[in-house]
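Here is the structure we will look at.
The values are calculated or read from the model by the stated rules, or taken from the named source; none is laboratory data. All values derive from a computational prediction rather than experimental measurement. Using ideal geometry, Cβ is built from the backbone for each residue, glycine included, and neighbour counts are taken over all protein chains shown.
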Amino acid sequence: MRISKFISCLAWIYLILFSMWILLRFLFFDSLWWLALINSLALYIFIPLIIFLPFALLSRKWRLLFGFCFPLGLFIGLYSSFFLPSLSPPVSQNSQTIKAMTFNMLRSNTDYDAIVKMVAENNPDIIGLQEVTPQAAPILIKRFEKKYPYRAFHPVELSHNVGILSRFPIDKLIALPAPPIERGIQVTLRLNNGEPLEAIVAHLIPFYPLNKFYRLAQNWYARRAKEVSYLSNIAKQYDEPVIIMCDCNFTDTSETYSLMQKAMNDSFHQAGWGFGHTFLGTFFPVGRIDYIWHSKNIKTVEAYVGKGGGSDHLPLIAELQLVK
């Protein structure tokens, strides 16, 4: 009996705290850094439901069970679409289809055999790379020169940067301005049907170094919001199709995600299955922070998270079709 009362008390505390979080999220969203952090980890806020829902049902605590309809309904609203069959329209045989990959290779990763194997297994047409070191770039060019004869890397040599490998010719390369985006490039690709495609590879500001999180977190969130605003404005400038391959360092419950989604479509949200986590924790993937965004004149045929590559990120792959 005491254990039952204790669990019931914990359940009511959880409901109160959950309701407070939703209210603060509605009022402030990510404007407070500590709230932004909680919003980023929103998926894990629902974990106690695994314990409290069966407890309320089995112990016939109907008021408690009714209270849990709120977080349960919110969870279903946020995540049920990731586990439903994809309703993507059929592929048109007359439209250009491309397969894109985004992959943060990890600056300390020198397992190039693993990277080559991972790329071969997924066979993308375009690869957006993040955390490419000056030492890694020539090795990647040599290892992929036959299958990906066109490539571009950020011209400013930093400890790590971004690049693109492509089967399509590159007509133009632009290094995105820093600020707001320290690591980003934009290329114009010439597709097989002769149409141009604007492809952007970006690595938004991470939470690094972690030992300075408390002091710098507010600045990091503000800078990332400016980066997202810039990328969104780029997408709006073009009538041509645009894709963005990005280690965005935000989750799909953050305010920056909402801002980005107003301008671009999230390929995994359109045609992926599961939570789509790409960032690896100690034992399993823990967050979805890598994205392939695309303009409204592109549709996603398929999107999935790959395996391997030797990094602390998993590759994200999307098959995309241009819509005429």
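Look through the stretch 288-297, keep the residues that are of a type outside the set (Val, Ile, Thr) and assigned to a loop (DSSP other than H, G, I, E, B), and return whichever of them is nearest to Met264 (Cα to Cα). That would be Ser295.
Could you please give the count of residues in the stretch 26-78 that are aromatic (Phe, Trp, Tyr) and under 21 Å from Ile289 (Cα atoms)? Let's see the steps before the verdict.
Here is the first cut: in the stretch 26-78, the residues aromatic (Phe, Trp, Tyr) are 26, 28-29, 33-34, 44, 46, 52, 55, 62, 66, 68, 70, 75.
Checking the rest, the ones that are also under 21 Å from Ile289 (Cα atoms) come to 29, 33-34, 44, 46, 75.
Selection size over the stretch 26-78: 6.
Among the residues of the stretch 4-19, not a single one is touching a residue at least 60 places away in the same chain (Cβ under 8 Å) and closer than 27 Å to Ala225 by Cα.
From the list Ala114, Ala100, pick out the single residue that is in contact with a strand residue (DSSP E or B) (Cβ under 7 Å, 6 or more places away or on another chain) and of a type in the set (A, V, I, L, M). Steps first, answer last, please.
On the way: Ala114 fails: in contact with a strand residue (DSSP E or B) (Cβ under 7 Å, 6 or more places away or on another chain).
After ruling out the rest, the residue left standing is Ala100.
Restricting attention to the stretch 155-177, and to residues there that are over 20 Å from the mean Cα position of the chain (by Cα) and not in a loop (DSSP other than H, G, I, E, B), which single residue is surrounded by the most Cβ atoms within 10 Å (Cβ to Cβ)?
Applying the filter and picking the extreme gives Ser166.
The helices (runs of 4 or more DSSP H) located wholly in the stretch 4-63 include none with 2 or more residues which are over 25 Å from Phe82 (Cα atoms) and acidic (Asp, Glu).
Look at (1) out of contact with any Pro (no Cβ under 9 Å at 6 or more places or on another chain); (2) part of a loop (DSSP other than H, G, I, E, B) and you find that Ala120 fails only one, number (2).
Picking from residues in the stretch 39-48 that are surrounded by 17 or more Cβ atoms within 10 Å (Cβ to Cβ) and hydrophobic (A, V, I, L, M, F, W, C), the one that is nearest to Asn219 (Cα to Cα) is Ala42. Filtering the stretch 260-277 to residues that are free of Cβ contacts under 8 Å to residues at least 40 places away in the same chain and among the hydroxyl-bearing types (Ser, Thr, Tyr) leaves nothing.
On the stretch given as the stretch 203-225, residues that are without any contact (Cβ under 8 Å) to a residue 60 or more places away in the chain and not in a helix (DSSP H, G or I) total 6. From the residues in the stretch 289-308 that are surrounded by fewer than 24 Cβ atoms within 10 Å (Cβ to Cβ) and either outside the structural domain of His203 (by TED's automatic domain parsing) or touching a residue at least 60 places away in the same chain (Cβ under 8 Å) (or both), which one is nearest to Glu198 (Cα to Cα)? Once the filter is applied, the top-ranked residue is Ser295. Taking every residue in the stretch 42-57 that is farther than 18 Å from Met20 by Cα and pairing it with any residue that is surrounded by fewer than 17 Cβ atoms within 10 Å (Cβ to Cβ) and of a type in the set (D, E, K, R), at least 6 positions away or on another chain, yields no pair with a Cβ-Cβ distance below 6 Å.
Residues checked against (1) under 14 Å from Phe103 (Cα atoms); (2) among the basic types (Lys, Arg):
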position: Cys246; (1), (2): yes, no
position: Thr251; (1), (2): no, no
position: Pro285; (1), (2): no, no
position: Trp293; (1), (2): yes, no
position: Lys296; (1), (2): no, yes
position: Val301; (1), (2): no, no
position: Val305; (1), (2): yes, no
position: Gly310; (1), (2): yes, no
position: Leu322; (1), (2): no, no
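Of all residues in the stretch 246-287, those being in a loop (DSSP other than H, G, I, E, B) and either out of contact with any strand residue (DSSP E or B) (no Cβ under 6 Å at 6 or more places or on another chain) or surrounded by fewer than 21 Cβ atoms within 10 Å (Cβ to Cβ) (or both) number 14.
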